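Asks: Next up is a structure, given as C-alpha cells.
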Amino acid sequence: MSKIVVLGAGIGGHVAAAHLRRKLPKDHEVLVVSPNRNYQWVPSNIWVGIGRMKPKDVFFPLEPVYRKKGIGYKQAKAVSFHPEGDASQNKPYVLVEYVFGEKAGIQEKVTYDFLINATGPKLAFELTEGLKPGTNKAFSVCTYDHAEQASTGLNALVERIKKSNSRAKILIGTGHAKATCQGAAFEYILNVERELVRLGVRDKVEITWISNEYTLGDFGMDGMLLTYGNSTLKSSDMVEMIFRDRGIKWILGAGVFKMEDGKAHYENLEGEYKTEEFDFAMLIPAFSGHGFKAFDKDNKDITEKLFKGFMIVDADYTAKPYEEWTVQDWPETYQNPSYPNIFAPGIAFAPPHAISKPRKSKNGTDIFPSPPRTGMPSGITAKLVADNIIDAIKQGNMTLNHKGSLGNMGAACIASAGYGTTSGSGISMTTYPIVPNYNKYKNTGGRDLKKTFGDIGLAGHWLKLTLHYAFLYKAKMKPFWWLIPE
Amino acid sequence: MRQEISESQRLRMQNPFIQIFKYIYLSLKILKIVAGGHGGTRKVIANPRP
Ligand SMILES: Cc1cc2nc3c(=O)[nH]c(=O)nc-3n(C[C@H](O)[C@H](O)[C@H](O)COP(=O)(O)OP(=O)(O)OC[C@H]3O[C@@H](n4cnc5c(N)ncnc54)[C@H](O)[C@@H]3O)c2cc1C
C-alpha cells in the first residue's frame, strides 16, 4: 500500500488527487493537505471582480467531494519538508499545521511514499510597498475574496461618478517589476471597460494599462506571432488594436515599487521614477515561493536541495544568457532530482529562467515578466505527475514515461473581454509551444503558426463561460468528469 | 501598418448567428490543439523507485 500526499488543492493539486484516486485501487491512500477549504475556479475571478458573478459561483467546498470519492483531506498548510524523516520518524514526512477548527495551530507529521507539491505561488503583495488588496484604492482579483472586494471598490467608484458627475482614473496591470499573470490583468481591464460602458460612465473614466512588459501582448511569453483571420499578426499589434479600439492608454516597461493612496510609483526602463494617479487600481502582485524549509534526517537544513524559491525539479538551472536559452532547459517530469518521490507540477516548480527577454532599467533594476504557468499546463503537468506515480506504484519502478515540457505543449487561453450573453466578447488564443522553440520554428517567433492563433468575438465569451461550467463540473468529479481534458 | 477593428469586423464579432458557427469552429480547433498531446524535449534517465 502506498500513501500519496498532495499539498495544495488548486488546479494542479486537485487534478493530481482526482486522477490518482480514479486510477489507483482503494488500498492506496490519497491525502490532500490544503489550507483553503474551497476549490476555486480562479479564471472566473475576473467576473467576480466586476460583480457579474458571486464568489459562490466560482467555488465549492472540497471536503464533501473528497469524502465521497475516498480522498483524505486535512485543512492545513505545509510548514516544512523532511524527505528523509528524522530521528523519531523513519518515513519521509511533511510537517503541516492545521488552520481551522479545533485543531487550528496544531502541527502534525504527515508521512508519505510519494509527495506532490502543488502549492502554487505565494501572492507576494509585501514585495511592493503599500500594495495590499483593499488599501490605497488598489485591489486584486487573484482570489475570490480579493475579487469580491475589487467589485465593491469598482461599484463605489461608479456610484461616485454618477452622483458627482466627476471624472476618474483607473489603473490596471502589474504591481511589481517582475510580476507575471499579465493575462489575468488584461482580461480584467477589458471587462472593467465593458462594465463602464454598460453602466453609462465610460466617457468619464480614463483607463490605463501599466505593465512590466516591454511590448503589449508579451504576456510573459516573449509575445507571439499568431494567425489572425487570413493574416499573421504579432500579439503586440493585436493587443494594441484592442486597446485603441477601447480607448485604453498604456504604460510599458514599468516596475511598480510603491503604492500610496491613489498613487502608483514606478520605475521605467529609462531609469525614470514616475507616479501614476488613480481612483481605482487592480494590480497583480509578484508571485513567489512560500519560503518552505527542508531538513534531512539529522535535522540539517537542506532547503537548497528542494527549493530555489519554488521547488527544484528536472529543469536545467544553469545560468545562461537569453540567446542561449532552449526548450530543453524546461522540465519534463517535474521530479525533484534529489528526492525522486517528490514532484512539483503547476506553478509550484522553479522555472529554469524567464520566457520573456530579461531587461534592466538604466538603474540596473530587472523589469520584465516572470514566466506564467496558466491553468491548462498546470492541469496537464499535474496529471502526468499522477500518471508517473501510478505507473511507479503498479509496476514497482519509476519509468517516468509521461512527459510534458512547456516547450512541447500547447496552451489554450480564452481571455474574457466583456461579460454578457449577446454583448460579451472574448479573445480566443492558442499557443504552441508555450515556451517558444526558436530552433524549430525559426521564422515564426518560435511558434507553430498552425497551432498559434487568435480570434476576437462573442464566441470567445461563450467559450470562456463553457469552460467555467465544464471545469467546475470536472472539479466536482461528477460522472465522466475525466473525459474533460485538463 | 497599424491594425484596426473595422465597423464590419465589429458587427461580425458581435453577430450571434455568425458567432454560433465560430463557437463550434473554435471549440473543435482548440480541442484539436489540446488533444494534440504533449511530450518531452530531451531524454530522461529513468530513476529507480525510491
Ligand atoms: C485572476 C486570475 C485569472 C486567471 N485566468 C486564467 C485563465 O483564464 N486561464 C488559465 O489557463 N489560467 C488562468 N490563470 C492562472 C491559473 O489560475 C493558474 O495557472 C493556476 O491556478 C495554477 O494552479 P496551481 O495548482 O499551480 O496553483 P493554485 O491554483 O494557486 O493552487 C495552489 C494551492 O495550494 C494551496 N496552498 C498554498 N499554500 C499552501 C501550503 N503551505 N500548504 C498546502 N497547500 C498550500 C492553496 O490554498 C491552493 O489550494 C489565472 C490566474 C489568476 C490569478
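The values are calculated or read from the model by the stated rules, or taken from the named source; none is laboratory data. Computed from a predicted structure; not experimentally measured. Cβ sites come from the backbone with ideal geometry, for glycine too, and all protein chains shown count toward neighbours. Note: areas computed on protein heavy atoms with side chains; ligands, DNA, RNA excluded. Shrake-Rupley method; radii C 1.70, N 1.55, O 1.52, S 1.80 Å.
Asks: Once you list every other residue whose beta carbon is under 12 Å from the beta carbon of residue A:47, what net charge do they have if Lys and Arg are +1 and Asp and Glu are -1?
Replies: 0
Asks: Now for a separate question. Under 17 Å Cα to Cα from residue A:122, which lysines show up? Leave out anything in the same chain fewer than 8 places away.
Replies: Straight-distance partners of residue A:122: A:77, A:132, A:178, A:293, A:308.
Asks: Another question about this same structure. Between the alpha-carbon centers of the range A:365-387 and the range B:1-31, tell me the distance in whole angstrom.
Replies: Cα centroid of the range A:365-387 versus Cα centroid of the range B:1-31: 29 Å apart.
Asks: Shifting gears a bit: Want the number for residue A:275 to residue A:362: 0.36 nm per residue separation, take away the alpha-carbon distance, what's left?
Replies: Contour length minus the Cα-Cα distance gives 29.6 nm.
Asks: Mind pulling the angle between the C-alpha long axis of helix A:235-246 and the longest principal axis of chain A? Nearest 10 degrees, somewhere in 0 to 90.
Replies: With both axes taken from Cα atoms, the answer is about 50 degrees.
Asks: Same structure, new question: Counting only heavy atoms of the protein chains, get the accessible area per residue of chain A (1.4 Å probe) and round it to a whole Å² value.
Replies: 38 Å²
Asks: Return the loop-located GluC sites (Glu not before Pro) in the range A:157-209 (DSSP other than H, G, I, E, B) with at most 16 other Cβ atoms within 10 Å of their own Cβ; answer none if there are none.
Replies: none
Asks: Moving on to the next point. Scan the range A:399-486 for trypsin sites (Lys or Arg not before Pro) in coil per DSSP, keeping those whose Cβ has at most 13 other Cβ atoms within 10 Å, and list them by number.
Replies: Filter output for the range A:399-486: A:450.
Asks: Given the rule -39500 (n - 2.57) for each run of at least 4 DSSP H residues, summed and divided by the residues of chain A, what is its mean residue ellipticity at 222 nm, to the nearest 500 deg cm²/dmol?
Replies: -8000 deg cm²/dmol
Asks: For residue A:366, what residues show an amide H to amide H distance below 5 Å, using hydrogens built from the backbone and excluding near sequence neighbours?
Replies: A:361
Asks: To continue, here is another question. Might you report the magnitude of the Cβ-based charge dipole of the range A:62-211 about its Cα centre, with Lys and Arg at +1 and Asp and Glu at -1, to the nearest 20 debye?
Replies: 580 debye
Asks: Percent relative contact order of chain A, based on C-alpha pairs within less than 8 angstrom and at least six residues apart?
Replies: 17 percent
Asks: Another question, if that's okay. For residue A:345, what is the net charge nearby, where nearby means another residue's Cβ is under 13 Å from its Cβ and Lys, Arg count +1, Asp, Glu -1?
Replies: Summing Lys and Arg as +1 and Asp and Glu as -1 gives -1.
Asks: For the charge dipole of chain A, defined by +1 on Lys and Arg C-beta atoms and -1 on Asp and Glu C-beta atoms about the Cα centroid, which residue among A:378, A:235, A:79 has the Cα displaced farthest towards the positive pole?
Replies: The residue sitting most towards the positive pole is A:378.
Asks: Now a separate question. Once ligands and nucleic acids are excluded and a 1.4 Å probe is used, how much of residue A:365 is accessible, expressed in Å² to the nearest 10?
Replies: Estimated to the nearest 10 Å², residue A:365 gives 50 Å².
Asks: So, one more: On a 0 to 90° scale, report how tilted helix A:11-23 is relative to the longest principal axis of chain A, with both axes built from alpha carbons and the result rounded to the nearest 10.
Replies: Relative to chain A, helix A:11-23 is tipped by roughly 40 degrees.
Asks: Sticking with this one: Which value, in Å² and to the nearest 10, is the accessible area of residue A:480 when all protein chains are kept and the probe is 1.4 Å?
Replies: Only protein atoms counted, so the area is about 130 Å².
Asks: By its C-alpha gyration tensor, with a ≥ b ≥ c as the square roots of the eigenvalues, how is the range A:205-263 shaped: rounded for a/c under 1.5, else prolate for a/b larger than b/c, else oblate?
Replies: It comes out oblate by the Cα gyration axes.
Asks: I would also like to ask the following. Rounded to the nearest 0.05, what FRET efficiency do residue A:296 and residue A:26 have when you use their Cβ-Cβ distance and R0 = 30 Å?
Replies: It comes to 0.35.
Asks: Efficiency by 1/(1 + (r/R0)^6): what FRET value for residue A:167 and residue B:25, r their Cβ-Cβ distance, R0 = 56 Å, to the nearest 0.05?
Replies: Efficiency computed from Cβ-Cβ geometry: 0.85.
Asks: Positive end of the charge dipole of the range A:63-182 (Lys, Arg +1 and Asp, Glu -1 on Cβ, about the Cα centre): tell me which of A:88, A:166, A:181 has its Cα farthest that way.
Replies: Positive-end residue among those listed: A:166.
Asks: Another question, if that's okay. Whole percent per 5 Å bin, from 0 to the bin with the longest distance: what is P(r) over all C-alpha pairs of the range A:363-486?
Replies: The percentages, shortest bin first, are 2, 9, 13, 15, 17, 17, 12, 8, 4, 2, 1, 0.
Asks: Let me ask you something else. Summing Lys, Arg as +1 and Asp, Glu as -1, what charge do residues with Cβ under 12 Å from the Cβ of residue A:93 carry, residue A:93 excluded?
Replies: 0
Asks: I've got another one for you. Compute the angle between helix A:182-198 and the longest alpha-carbon principal axis of chain A, please, reported from 0 to 90 degrees and rounded to the nearest 10.
Replies: It is inclined by approximately 40 degrees.
Asks: Within the range A:259-299, list the trypsin sites (Lys or Arg not before Pro) lying in a DSSP loop whose Cβ has at most 15 other Cβ atoms in a 10 Å radius.
Replies: Qualifying residues, ordered by number: A:297.
Asks: Can you give the log10 of the normalised intensity I(q)/I(0) at q = 0.11, 0.15 Å⁻¹, computed with Debye over equal Cα scatterers of the range A:111-243?
Replies: The calculated log intensity ratios at q = 0.11, 0.15 Å⁻¹ are -0.51, -0.85.
Asks: Could you work out the per residue convex hull volume over the alpha carbons of the range A:235-277, in cubic angstrom?
Replies: Residue-normalised Cα hull volume stands at 84 Å³.
Asks: Volume per residue, Å³, of the convex hull around the alpha-carbon atoms of chain A?
Replies: 152 Å³
Asks: Want the number for residue A:230 to residue A:481: 0.36 nm per residue separation, take away the alpha-carbon distance, what's left?
Replies: That works out to 86.7 nm of additional length.
Asks: Indicate, rounded to the nearest 5 percent, the antiparallel portion of the DSSP beta bridges found entirely in the protein assembly as shown.
Replies: Close to 60 percent.
Asks: With both bridge residues required to lie in the range A:137-243, what share of the DSSP beta bridges run antiparallel, to the nearest 5%?
Replies: Antiparallel bridges: around 40 percent, rounded to the nearest 5.
Asks: Rounded to the nearest Å, what's the spacing between the alpha carbon centres of the range A:146-173 and the range A:270-331? Just the number, please.
Replies: Cα centres, the range A:146-173 to the range A:270-331: 33 Å.
Asks: Compute the distance from the alpha-carbon center of the range A:1-49 to that of the range A:402-432, in whole Å.
Replies: 23 Å
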